[in-house]
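K.L.:
Mind looking over this structure? Questions follow.
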Amino acid sequence: MPPQTLAINRKDLFLRACRGEALPRVPVWMMRQAGRYLPEYREIRTKHAFLEVCKTPQLAVEVSIQPFRRLDVDAVIVFSDILILAEAMGLPLELGDAGPNLPNPVRSKLDVDRLKIFDPEAETGFLPEAIRRIVKSVGPEVPVLGFAGAPWTLACYMVEGKAKEGFGTVKSFLYHEPKVFRALLHRIAQATIPYLKAQIAAGAAAVQLFDTWCGELNLQDYEEFALPPVQEIIAGLGSSAPVIYYTKASQHLLSAAARSGANVLSVDWRVDLAEIRKTLGPRIALQGNVDPAVLFAPPDKIRDVTLATIGSLAGHGHILNLGHGILQNTPVENAQLFIETGQRALIQHASPAAQVR
Ligand code: CP3
């Protein structure tokens, strides 16, 4: 056994990665790691509806911990959904097999004015409660992650009502009534700050903002609409916990996204990590970015892509992850191979005795 002083725990490893430091190995987890590719998740879902799992701490804790138990991931993200916040703001939410549906979408100034800034412990207390219980269960040495949707991405659902119908309605709103649309984004930001603060107070070691749909915007509209409320949230959180900002299909936006104030940018597989590091500099950490579809490839390919991804940042300020959520039919053994390959990869500068508990 190496001397105890050289051992760091997973939470320290994760926080060091968030600070952009050199790492003994990269921490690794997967977006949507609690989900339908796991038989034990599907088993729970045969008995309980999706929103029931989100809102019942005992069930949310169980499914949050499933990937930790099965795959030994380095971070546990609390099981919830970005649309829980929309519901707490006053929009009825259905989450069936066809994806999310908000039957009373936001279409006018009156609809925006009606949205509530709510008390997260009172209205969504199940979420901080789940975090407290996860922390208790996995212990203080494992980072637990909280999250929320970024305002633009949440607004897409709140205005469109359904995800699968494109972005015509939300963009039309943005172009016809830019002031009202900005007020909507600001209101979402104002609701998100206490929502994330409650998660941090409950024990979240870091929080992630999901901006899945920001790549739909050109740079000008991104800077004018989507970025300011993200900056507002991150400034509102102060230094209470590191913030990871996930963007997808966003190569054209990354220099702007780097001005969000986030400690970590989480990017998809279209981005060359080494190149983006060169452009943005070493102070902003990066998360990602293996294509989730690579987990359908043969084992050698999964290993090669994972090692190449790690190699591109040489273990500096890097959290290994997929470039988007793990896909539903992913073989569990391939997810396992991705995690193990990430955790065992040797990094040149690392002391051979460095150990992560
Ligand atoms: O990462 C995790 O394991 C934590 C849980 C998590 C879920 N959703 C659970 C979920 C997180 C972080 C999210 C975020 C989320 N939700 C995003 C942003 C990230 C992304 O994936 O783009 C978005 C856009 C949503 C909205 C949402 N929720 C959609 C579009 C859907 C339907 C699509 C689908 O995969 O079914 C959901 C449902 C949802 N959220 C599921 C899970 C595990 C599937 C529900 C089920 O069990 O049937």
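K.L.:
Which one of VAL112, VAL26, VAL63 has the biggest mean-square fluctuation once the chain is modelled by GNM with Cα springs under 10 Å?
P.N.:
Answer for the Gaussian network model of the chain: VAL112.
K.L.:
If you average the sequence gap of Cα pairs under 8 Å that are 6 or more apart and divide by the length of the chain, what percent do you get for the contact order?
P.N.:
25
K.L.:
What is the sum of charges around LEU59, taking Lys and Arg as +1, Asp and Glu as -1, for the other residues whose C-beta is under 13 Å from the C-beta of LEU59? Can you show the working numbers first?
P.N.:
Values: positive: ARG45, LYS47, LYS55, ARG133; negative: GLU40, GLU43, GLU52, GLU62, GLU129.
Result for the neighbourhood of LEU59: -1.
K.L.:
Once you list every other residue whose beta carbon is under 13 Å from the beta carbon of ALA122, what net charge do they have if Lys and Arg are +1 and Asp and Glu are -1?
P.N.:
After counting each charged neighbour, the total is -3.
K.L.:
Would you compute, from DSSP H runs of 4+ residues alone, the mean residue ellipticity of the chain at 222 nm, taking -39500 (n - 2.57) per run and dividing by the full residue count, rounded to the nearest 500?
P.N.:
-13000 deg cm²/dmol
K.L.:
Could you work out what % of the accessible surface of segment 204-327 is carbon and sulfur, using a 1.4 angstrom probe and leaving DNA, RNA and ligands out of the count?
P.N.:
Details: 2400 of 4470 Å².
Exposed carbon and sulfur together represent 54 percent of the surface.
K.L.:
Below 21 Å Cα-Cα, how many Lys pairs turn up in the chain? Only count pairs eight or more apart in sequence, or on different chains, if you could.
P.N.:
19
K.L.:
How big is the antiparallel share of DSSP beta bridges in the chain, given as a percent to the nearest 5?
P.N.:
Within the chain, antiparallel bridges account for around 15 percent of the total.
K.L.:
In nanometres, what is the gap between the two model label sites at GLU141 and TYR175, each 7 Å from Cα along Cα-to-Cβ?
P.N.:
The answer from the label model is 5.6 nm.
K.L.:
If I take R0 = 51 Å and measure r between the Cβ atoms of GLU52 and PHE167 in this structure, what FRET efficiency does the formula 1/(1 + (r/R0)^6) give, to the nearest 0.05?
P.N.:
Efficiency computed from Cβ-Cβ geometry: 0.95.
K.L.:
What nm distance separates the two modelled labels at ARG344 and GLN251, each placed 7 Å from Cα along Cα→Cβ?
P.N.:
Output for this residue pair reads 3.3 nm.
K.L.:
Please list the radius of gyration and Dmax for the chain, considering alpha-carbon atoms only, with Å as the unit.
P.N.:
According to the Cα coordinates of the chain, Rg and Dmax are 19.6, 65 Å.
K.L.:
Using only the heavy atoms of the protein chains and a 1.4 Å probe, how would THR306, THR279, THR169 rank by accessible area, largest first?
P.N.:
The residues order as THR279, THR169, THR306, largest area first.
K.L.:
Heads up, I need the accessible area for THR309: 1.4 angstrom probe, whole protein in place, Å², nearest 10.
P.N.:
Roll a 1.4 Å probe over it and THR309 shows about 10 Å².
K.L.:
Roll a 1.4 Å probe over the protein chains and send me the accessible area per residue for segment 1-96 in Å².
P.N.:
Numbers: 3750 Å² over 96 residues.
With the other protein chains kept in place, segment 1-96 gives 39 Å² per residue.
K.L.:
Which net charge results for the neighbourhood of TYR37, defined as the other residues with beta-carbon distances under 14 angstrom from its beta-carbon, given Lys and Arg at +1 and Asp and Glu at -1? Please list the in-between numbers first.
P.N.:
On the way: positive: ARG32, ARG36, ARG42, ARG45, ARG70; negative: GLU40, GLU43, GLU333.
With Lys, Arg at +1 and Asp, Glu at -1, the neighbours total +2.
K.L.:
What's the magnitude of the charge dipole for segment 1-93 around its Cα centre, counting Lys and Arg as +1 and Asp and Glu as -1 at the beta-carbon? Answer in Debye, nearest 20.
P.N.:
Numbers: 13 positive and 10 negative charges, 35 e Å.
So the dipole magnitude of segment 1-93 works out to roughly 160 debye.
K.L.:
Classify segment 177-229 as rounded, prolate or oblate from the Cα gyration tensor: take a ≥ b ≥ c as the square roots of its eigenvalues, call it rounded if a/c is under 1.5, otherwise prolate when a/b beats b/c and oblate if not.
P.N.:
oblate
K.L.:
Could you order TRP269, TRP152 by accessible surface area, starting with the largest, using a probe radius of 1.4 Å?
P.N.:
TRP269, TRP152
K.L.:
ASP97 versus GLU275, label points 7 Å from Cα toward the beta carbon: distance in nm?
P.N.:
My value for the distance between the label points is 4.2 nm.
K.L.:
Would you kindly state how much longer the chain becomes between ALA308 and ARG19 on full extension, computed as 0.36 nm times their sequence separation minus their alpha carbon distance, in nm to one decimal?
P.N.:
Computed gain between ALA308 and ARG19 is 101.8 nm.
K.L.:
Rounded, prolate or oblate: which fits segment 108-223 when a ≥ b ≥ c are the square roots of the eigenvalues of the alpha-carbon gyration tensor, with rounded for a/c under 1.5 and prolate only if a/b beats b/c? Write out the running numbers ahead of the final one.
P.N.:
Numbers: a/c = 2.73, a/b = 1.93, b/c = 1.41.
Because a/c hits 1.5 or more and a/b exceeds b/c, segment 108-223 counts as prolate.
K.L.:
Multiply the residue separation of ASN9 and ASN218 by 0.36 nm, subtract the distance between their alpha-carbon atoms, and state the gained length in nm to one decimal.
P.N.:
Gain on stretching ASN9 to ASN218: 71.1 nm.
The values are calculated or read from the model by the stated rules, or taken from the named source; none is laboratory data. Treat the numbers as computed from the prediction; the structure is a model and nothing was measured. As a convention, Cβ positions derive from the backbone with ideal geometry for all residues, glycine included, and neighbour counts pool all protein chains shown. Remember, those area values only see protein heavy atoms, side chains included, never the ligands or the DNA or RNA. Shrake-Rupley method; radii C 1.70, N 1.55, O 1.52, S 1.80 Å.
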